[in-house]
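**Student:** Sending over a structure as structure tokens; questions will come in a sec.
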Amino acid sequence: MNTLKNNLLSTLKNIQNFEKKHSIRENSVQLLAVSKKHPAEAIRTLYQTGQIHFGENFVQEALSKQDQLKDCSITWHFIGPIQSNKTKDISNHFQWIHSIDRIKIAKRLNEQRLSQTPLNICIQVNISEESTKSGVLCHQAIDFAHQLMPLKHLKLRGLMAIPQRMSDFTQQQAEFKKLSDLYRQLNNSGFQLDTLSMGMSADIEAAISMGSTMVRVGTAIFGERKIN
Ligand SMILES: *Cc1c(COP(=O)(O)O)cnc(C)c1O
């Protein structure tokens, strides 16, 4: 079988096995296939195997692939850093954005959204509190979520994090627990979030064990990305 299809099916199988192993309800974890730096034809192959959700990090690259895949009903997620001169394209060419961490950017996306269907967004949280990483700090998240509420063309769906790289499983779980605790805290204070975007190729099991509802997998499906 085609390697891409094979990788997709084994990733889906892993998700299923990890749900079972950690007593998570079946089918509670969605797969977002992260296709950055991989060609449109690879996306098409996976789409034809049944994958609907794809994640991209770079606007120009994504627009070019979207143009080549116009005939496919793909749900596009933007997961990279957002420059303010790119908000118009991002707001109108994606159904989801996982990397919201500045109110100024959120306001621009809200103003520039043309569709009546709101844009689904997740707040990116810097759970490892690394100074080089994007994201709001945990203690700022609730206040930030309140600031997003008046923006009617945005729909707050959940939280996203990219934790520090760690190989120890228990440490990975401890990082993800910070995000799932925060998620619960927001839902207990009146927000209605349904998306916990956490887990990548190297830490998918720890993320699922801590309640992830959407894992973002690139390398395990598409193989290594070329350095630029
Ligand atoms: C690239 C990327 C991923 C996928 O990472 P892999 O390790 O290749 O699975 C997930 N999330 C974000 C935000 C990314 O930029």
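**Student:** Look at LYS13 and say whether it is over 27 Å from ALA141 (Cβ atoms), without any contact (Cβ under 8 Å) to a residue 40 or more places away in the chain and within 16 Å of the ligand (Cβ to nearest atom).
**Tutor:** no
**Student:** Does region 1-14 hold any residues that are among the hydrophobic types (A, V, I, L, M, F, W, C) and open to solvent by less than 70 Å² (accessible area, probe 1.4 Å), and which are they?
**Tutor:** Answer for region 1-14, where residues must be among the hydrophobic types (A, V, I, L, M, F, W, C) and open to solvent by less than 70 Å² (accessible area, probe 1.4 Å): LEU4, LEU8.
**Student:** Mind checking which residues of region 58-104 are among the acidic types (Asp, Glu) and away from the ligand (no atom under 16 Å from the Cβ)?
**Tutor:** Hits for region 58-104 are ASP67, ASP71, ASP89.
**Student:** Give region 124-143 a look and list any residue that's more than 16 Å from the chain's Cα centre (by Cα), more than 14 Å from ASN187 (Cα to Cα) and either open to solvent by less than 80 Å² (accessible area, probe 1.4 Å) or not small (Gly, Ala, Ser) (or both), or say none.
**Tutor:** The answer is SER128, GLU129, GLU130, THR132, LEU137, CYS138, HIS139, GLN140.
**Student:** Are any residues in region 70-90 buried (at least 17 other Cβ atoms within 10 Å of the Cβ) and over 18 Å from the mean Cα position of the chain (by Cα), and if so, which ones?
**Tutor:** LYS86
**Student:** Determine, yes or no, whether ILE103 is more than 18 Å from the chain's Cα centre (by Cα) and open to solvent by 40 Å² or more (accessible area, probe 1.4 Å).
**Tutor:** yes
**Student:** State all residues of region 182-228 that are assigned to a helix (DSSP H, G or I), within 11 Å of the ligand (Cβ to nearest atom) and over 17 Å from ILE127 (Cα atoms); if no residue qualifies, say none.
**Tutor:** THR219, ALA220, ILE221, PHE222
Per-residue answers, yes or no, for (1) open to solvent by less than 40 Å² (accessible area, probe 1.4 Å); (2) not charged (D, E, K, R):
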{"residue": "GLN16", "(1), (2)": "no, yes"}
{"residue": "ASN27", "(1), (2)": "no, yes"}
{"residue": "ALA33", "(1), (2)": "yes, yes"}
{"residue": "GLU41", "(1), (2)": "no, no"}
{"residue": "THR45", "(1), (2)": "yes, yes"}
{"residue": "GLN51", "(1), (2)": "yes, yes"}
{"residue": "PHE54", "(1), (2)": "yes, yes"}
{"residue": "GLN60", "(1), (2)": "no, yes"}
{"residue": "GLN68", "(1), (2)": "no, yes"}
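**Student:** A follow-up question, please. Of everything in region 66-91, what is out of contact with any strand residue (DSSP E or B) (no Cβ under 9 Å at 6 or more places or on another chain) and polar (S, T, N, Q)? Give them in sequence order.
**Tutor:** GLN68, SER73, GLN83, SER84, ASN85, THR87
**Student:** Only one of these is in contact with a Lys or Arg (Cβ under 9 Å, 6 or more places away or on another chain) and either of a type in the set (D, E, K, R) or assigned to a helix (DSSP H, G or I) (or both): SER10, SER64, SER91. Name it.
**Tutor:** None of the others qualify; the one that does is SER91.
**Student:** Then there's this: Going through LEU154, LEU159, LEU193 one at a time, which residue ends up being surrounded by 24 or more Cβ atoms within 10 Å (Cβ to Cβ) and within 18 Å of the chain's Cα centre (by Cα)?
**Tutor:** The match here is LEU159.
The values are calculated or read from the model by the stated rules, or taken from the named source; none is laboratory data. Here the structure is a predicted model, which means the values were calculated and not measured. Counting neighbours? That spans all protein chains shown, and the Cβs are built from the backbone with ideal geometry, glycine included. Accessible surface is based on the protein model in full, side chains and every heavy atom, while ligands, DNA and RNA are left aside. Shrake-Rupley method; radii C 1.70, N 1.55, O 1.52, S 1.80 Å.
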